[in-house]
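J.: One structure, pasted below without further comment.
The values are calculated or read from the model by the stated rules, or taken from the named source; none is laboratory data. The structure presented is a predicted model; accordingly, all values stated were derived computationally and were not measured. Cβ placement follows ideal geometry from the backbone for every residue including glycine, while neighbour counts extend to all protein chains displayed.
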Amino acid sequence: MKRMQQPLSAREGTRDLRLQASQTLLSPAEPVLRIAIIDAEPLSRSILVRLCQSISTVELVAQVGSGAEGLQALRTKQPDVLLIDLDLPDMDGFELIRLIVSGQFTLPIVVSAHASQAVVAYDADVVDFLAKPVAPERFEEALRRVHRRRETFQPSRASGLPAAQPMHARHGSSGSPQFIAGEASEGSI
C-alpha cells in the first residue's frame with residue numbers, strides 16, 4: 001500500500017509560494033540595488049528587512065527609525081533606494097522626500113498604512129507607493145519600477161548610447177547632469 005503524504009497547511013503553502021515568486025520574478029541579471037529603510041515601527045522595519053533579504057539583487061545598507069537617521073544613512077551609505085514611511089517621529093516623510101529629490105539620485109518609495117496618501121506621494125515624484133502590510137509581489141513590482149527609472153537616466157552598457165536626460169537637465173562643469181526645477185532645455189518647448 002502507498003502511503004499518502006500529509007498536505008501542507010494553508011500557511012506553509014502560501015509562504016512557499018511567496019518565496020518561489022520572490023526567487024523567480026526578479027532577474028538575477030539586474031544590478032544590485034542598495035536599499036535603506038526609514039520606518040519608525042520596528043515590526044514594519046523587520047517585515048521590510050525580510051522582503052529585502054528574500055531578493056538576491058538587493059543589498060540592505062541601513063534600517064533606521066527617524067528622518068534624521070535617514071538623512072545620515074543617505075549621506076554615509078549612499079543607497080539607490082529609500083523605503084520611507086510617512087509617519088516619522090522627527091519629521092514628516094514628505095519633508096524627507098523633498099530633501100532627497102532636490103539633490104540626490106536616490107529613488108524614494110513610500111511605504112505607509114495610509115493608502116489615502118498615495119496621490120500626494122506620487123505628486124512628490126516617488127517611484128512607487130506600497131500600502132502596509134506590503135505584499136511580496138508589490139514589493140517586487142516596486143523594485144522593477146526602480147530598475148526601469150534607473151535605466152531611463154543611465155547609459156545602456158550594451159548600446160553605448162548616452163543616457164537619456166530629463167528635459168530640465170543640463171551638464172555642469174563636472175560633466176554630470178544638473179537638474180534645475182522648472183527649466184527646459186533648448187528646443188524642448
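J.: Kindly provide the set of residues from the range 25-43 that are modelled with pLDDT of 95 or more and in a helix (DSSP H, G or I), ordered by number.
T.: Of everything in the range 25-43, those that are modelled with pLDDT of 95 or more and in a helix (DSSP H, G or I) turn out to be PRO42, LEU43.
J.: Continuing with this model, one more query. Just for strands (runs of 3 or more DSSP E) wholly inside the range 100-189: which have at least 2 residues that are at pLDDT 90 or above?
T.: Fully inside the range 100-189 and qualifying: 107-112, 128-131.
J.: Quick one: count up the residues across the range 44-70 that are in contact with a strand residue (DSSP E or B) (Cβ under 9 Å, 6 or more places away or on another chain) and assigned to a helix (DSSP H, G or I).
T.: Within the range 44-70, residues that are in contact with a strand residue (DSSP E or B) (Cβ under 9 Å, 6 or more places away or on another chain) and assigned to a helix (DSSP H, G or I) number 11.
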